[in-house]
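**Student:** Got a structure here, written out as structure tokens. Questions coming.
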Amino acid sequence: AIVMQCAIRGYIARERFVETMKLIACITFHLIRLEEQKHEAAAVTVQRHWRRAKIRADHKSMCDGAIMIQRTVRMFVQSKRFALRVRSVVKIQSVFRGALCRKEAERRAVSAIVLQRTWRMQCCRSLFLKKKRCALKAQALFRAYACVRQYHAMREGVICIQHLYRSHVEKQRHHAKRDSAAIVMQCA
């Protein structure tokens, strides 16, 4: 009975051990399967995130490329517009500067004409005044000469008249003396 019990217990234990081993194998299989499923899920998640990151990176690089192309095109268009505006501004500035230069040249020409007219007038006036002074001087000298000649002629006339008067007075005195001497002689 003990040997039998021992054999049955050994058989049951072996059966339990085999079942336990089957159960452990099944559990292990399920655990390994769960681990594999977790790994697969993790791999799928990683792949999904990697694909999403790659798609985002590709999309970002395409967007960056498109933005770069748009920026280049806009810059080209803006540079064309800016060049056109610069040419327009330069044209306006050149027209304005030309008008200013013409106005300044006209003002300077008018100023030069006024200065020349004033200078010529001053020169003519000074020449006229010089000629006038010379004429007045000549007239004054001529008048002085005429006055001196007249004075000398009058003086000569006066001297001649004085001489004649004095000689007449002398003659009368002489005749008076002679007549008085004749009277005295006749009286004596």
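The values are calculated or read from the model by the stated rules, or taken from the named source; none is laboratory data. None of these values were measured; they are calculated from a predicted model. Ligands, DNA and RNA are stripped out before the accessible areas are found, and what is left, the full protein with its side chains, is counted by its heavy atoms. Shrake-Rupley method; radii C 1.70, N 1.55, O 1.52, S 1.80 Å.
**Student:** Restricting to the stretch 1-11, and then to whatever is open to solvent by 70 Å² or more (accessible area, probe 1.4 Å) and hydrophobic (A, V, I, L, M, F, W, C), can you tell me which residue is modelled with the lowest pLDDT? Show your work before the answer.
**Tutor:** Narrowing the stretch 1-11 to residues open to solvent by 70 Å² or more (accessible area, probe 1.4 Å): 1-6, 8-9, 11.
Now drop any that are not hydrophobic (A, V, I, L, M, F, W, C), which leaves 1-4, 6, 8.
Numbers: Ala1: 71, Ile2: 80, Val3: 84, Met4: 80, Cys6: 87, Ile8: 84.
Going through the qualifying residues, I end up with Ala1.
Residue-wise test of (1) open to solvent by less than 70 Å² (accessible area, probe 1.4 Å); (2) at pLDDT below 95; (3) more than 29 Å from the chain's Cα centre (by Cα); (4) of a type in the set (S, T, N, Q).
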{"position": "Gln70", "(1), (2), (3), (4)": "no, yes, yes, yes"}
{"position": "Lys103", "(1), (2), (3), (4)": "no, no, no, no"}
{"position": "Leu141", "(1), (2), (3), (4)": "no, yes, yes, no"}
{"position": "Ala144", "(1), (2), (3), (4)": "yes, yes, yes, no"}
{"position": "Tyr151", "(1), (2), (3), (4)": "no, yes, yes, no"}
{"position": "Met154", "(1), (2), (3), (4)": "no, yes, yes, no"}
{"position": "Gly157", "(1), (2), (3), (4)": "yes, yes, yes, no"}
{"position": "Gln162", "(1), (2), (3), (4)": "no, yes, yes, yes"}
{"position": "Arg166", "(1), (2), (3), (4)": "no, yes, yes, no"}
